[in-house]
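Here the structure comes first, spelled out in structure tokens, and everything after it is commentary.
The values are calculated or read from the model by the stated rules, or taken from the named source; none is laboratory data. Just so it is clear, the structure is predicted and the values come from calculations on it, not from any experiment. Quick reminder, even Gly has a Cβ in these numbers, built from the backbone with ideal geometry, and neighbours come from all protein chains shown. Accessible surface areas use protein heavy atoms only, side chains included; no ligands, DNA or RNA. Shrake-Rupley method; radii C 1.70, N 1.55, O 1.52, S 1.80 Å.
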Amino acid sequence: MAEQLNAFQMAQAQFDGVAKQLKLDPVIAEMLRWPMREFSFRIPVRMDDGSTRIFQGYRVQHNDARGPNKGGIRFHPNETLDTVRALATWMTWKCAVADIPLGGGKGGIIVDPATLSVGEKERLCRGWVQAMWRNIGPRLDVPAPDVGTTPQMMDWMMDEYSKLVGQYTPGVFTGKPLGGGGSEGRTEATGFGVTYCIREAMKHLKMDPSKSVAAIQGFGNVAQYAAIGFKEILGGKVACVACWDREDKTSYTFSHKDGVDPRFLLTITDQYGTIDKKKAKEAGYVIEDGSAWISKEADVLIPAALEGQVNGETVKKISSRVRLVAEGANGPCTPEADEFFKKNNIFNIPDFLCNSGGVTTSYFESVQNDMNFYWTKEEVLQRLDTKMTQAFHAVLEMSEKEKVYMRDAAYMVAISRVVKAMQLRGWA
Ligand code: NAD
């Protein structure tokens with residue numbers, strides 16, 4: 001049996017494929033296969049009971065040819081250096097495809113944050129900064145929240161950094177809360193970015209958004225605003241959304257004969273993206289098994305929950321009406337699903353293009369912090385629309401020019417941009 005690749009080996013394999021297609025210089029390719037810098041450190045934290053616990057922390061800076069490294073910090077019990085390396089690598093490509101002047105980074109701590117008190121979490125966040133502050137900064141590396149970390153944690157980290165360097169430096173972390181240096185529009189950013197990509201893809205495919213139906217998996221941050229965007233910005237109909245029910249430990253699909261009303265559903269959804277079944281039923285929603293979303297009669301599929309959801313098995317269930325798949329989540333479609341899309345002429349907007357609205361708005365947050373001047377939500381979303389539209393068309397153009405699938409084209413655009421910056425800087 002073939003050996004299962006871990007996340008970083010997968011990231012390297014993806015890169016190797018594109019490096020070959022692009023006939024990259026072997027020295028440049030070797031440089032890009034590996035992160036430029038890696039930090040691995042121990043963080044002692046005084047616990048509430050007076051004892052001291054040692055935590056393992058990481059930060060990986062994959063490539064900063066195009067600008068300061070950028071990427072989240074995860075607090076997760078299964079964190080490994082290789083996961084952080086993979087995520088840092090993917091951030092380099094995501095920032096490059098979005099054409100924001102940032103490189104790729106990622107960090108983490110091996111911990112289950114749910115086991116810590118608020119005070120312990122704060123001390124752990126400050127401990128991470130005490131270990132890393134010399135190697136992060138608005139012009140160096142700008143971390144953000146990710147799995148297990150929150151906007152409040154970013155404010156504690158920003159505060160610790162500001163104290164250590166002796167001046168208020170909000171641009172060192174993004175994803176901060178509004179009122180604590182955060183940006184307007186961040187909540188909507190990823191889902192609306194998905195919407196802008198869908199709008200451009202529909203123009204290309206000559207689809208009428210007002211006559212289109214979308215089926216969405218997920219009802220968390222990304223899916224909520226993708227659903228609102230699809231209905232309100234594009235004028236389409238959302239056939240269903242699906243979510244995980246933490247009490248029943250299973251997933252459900254919610255649909256409505258008139259199409260789902262995402263603004264109503266938001267009022268009966270908790271902070272984890274779980275919809276209240278009883279209230280939905282009272283409002284006339286039909287509740288089916290969590291797998292039902294994928295076989296709905298729809299023109300557009302938006303997997304915006306988890307990785308690996310559209311795979312060799314589930315892809316066979318999609319309606320023959322589907323023409324477009326917009327990857328809101330990271331890695332929602334497997335290589336087998338990609339093969340099916342290619343065979344059936346289904347257009348795919350790959351994850352690191354489709355969901356790059358989040359990091360683009362994080363970049364806007366950092367820019368506003370640096371200027372100490374803040375934009376309105378309308379300004380943020382307008383700038384986001386411009387960036388997403390440009391990014392989409394750069395990838396589409398590459399896909400048409402090189403006659404390659406959109407995912408390969410997105411890698412080609414991203415890697416070419418990073419390579420160009422490396423060459424201009426005289427690195428190779
Ligand atoms: P979230 O935690 O807010 O929401 C996740 C949603 O998925 C919830 O509604 C949950 O109930 C649902 N879900 C979980 N398991 C499910 C299952 N088995 N079946 C159906 N639904 C299920 O997360 P999010 O921020 O919306 O992120 C979703 C995805 O998008 C992740 O892959 C994330 O990495 C990616 N992403 C998020 C952002 C962002 O800005 N939030 C940016 C880029 C990528």
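Tabulated values for the structure
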| read-out | value |
| --- | --- |
| 10 °C / 1.306 mPa s Stokes-Einstein diffusion coefficient of the stretch 187-349, Kirkwood radius on C-alpha pairs, µm²/s | 103 |
| Gain in span if fully extended, GLU402 to GLN152, counting 0.36 nm per residue against the direct Cα distance | 85.5 nm |
| Cut-off 10 Å between beta-carbons: net charge of the residues surrounding THR253, Lys and Arg +1, Asp and Glu -1 | -1 |
| Between the stretch 123-142 and the stretch 151-221, the alpha-carbon center distance in angstrom | 22 |
| FRET efficiency, 1/(1 + (r/R0)^6) with R0 25 Å, evaluated for ASN330 and GLN4 via beta carbons | 0.85 |
| Listed peptides 163-173, 293-303, 143-153 by packing density, highest first (mean Cβ within 10 Å) | 293-303, 143-153, 163-173 |
| Once the Cα gyration tensor of the stretch 272-320 is diagonalised, semi-axes √(5λ) in Å | 23, 14, 9 |
| Eligible aspartates and glutamates near LYS206 by straight Cα distance, threshold 15 Å, same-chain separation 8 or greater | ASP299 |
| Rounded, prolate or oblate (a/c below 1.5 giving rounded, otherwise prolate when a/b exceeds b/c) for the stretch 372-428 by Cα gyration tensor | oblate |
| Diffusion coefficient, µm² s⁻¹, Stokes-Einstein with Kirkwood Rh over alpha-carbon pairs of the stretch 301-390 at 25 °C and 0.890 mPa s | 166 |
| P(r) histogram, all alpha-carbon pairs of the chain included - 20 Å bins from 0, percent | 26, 58, 16, 0 |
| Virtual spin-label span in nm between LEU140 and SER319, 7 Å along Cα→Cβ | 5.3 |
| For peptides 66-78, 267-279, 329-341, sequence by mean Cβ density within 10 Å, most packed first | 66-78, 329-341, 267-279 |
| CD proxy at 222 nm, helix term only [per DSSP H run n ≥ 4: -39500 (n - 2.57); per residue of the chain; nearest 500] | -13500 deg cm²/dmol |
| Within the accessible area of the chain (1.4 Å probe), percent carbon and sulfur | 51 |
| Of LYS203/LYS420; LYS70/LYS176; LYS70/LYS387, pairs whose Cα-Cα distance is over 23 Å | LYS203/LYS420 |
| Viscosity 1.567 mPa s, 4 °C: Kirkwood-radius Stokes-Einstein D of the stretch 36-175 over Cα pairs, µm²/s | 87 |
| Rg/Rh (Cα only; Kirkwood hydrodynamic radius) as it applies to the stretch 24-67 | 1.32 |
| FRET efficiency estimate (nearest 0.05) - Cβ-Cβ, GLN167 to ASP270, R0 41 angstrom | 0.60 |
| Charge context of LYS277, other residues only, Cβ under 14 angstrom, K/R +1, D/E -1 | -3 |
| Kirkwood-based Rg to Rh ratio, the stretch 123-208, C-alpha trace | 1.17 |
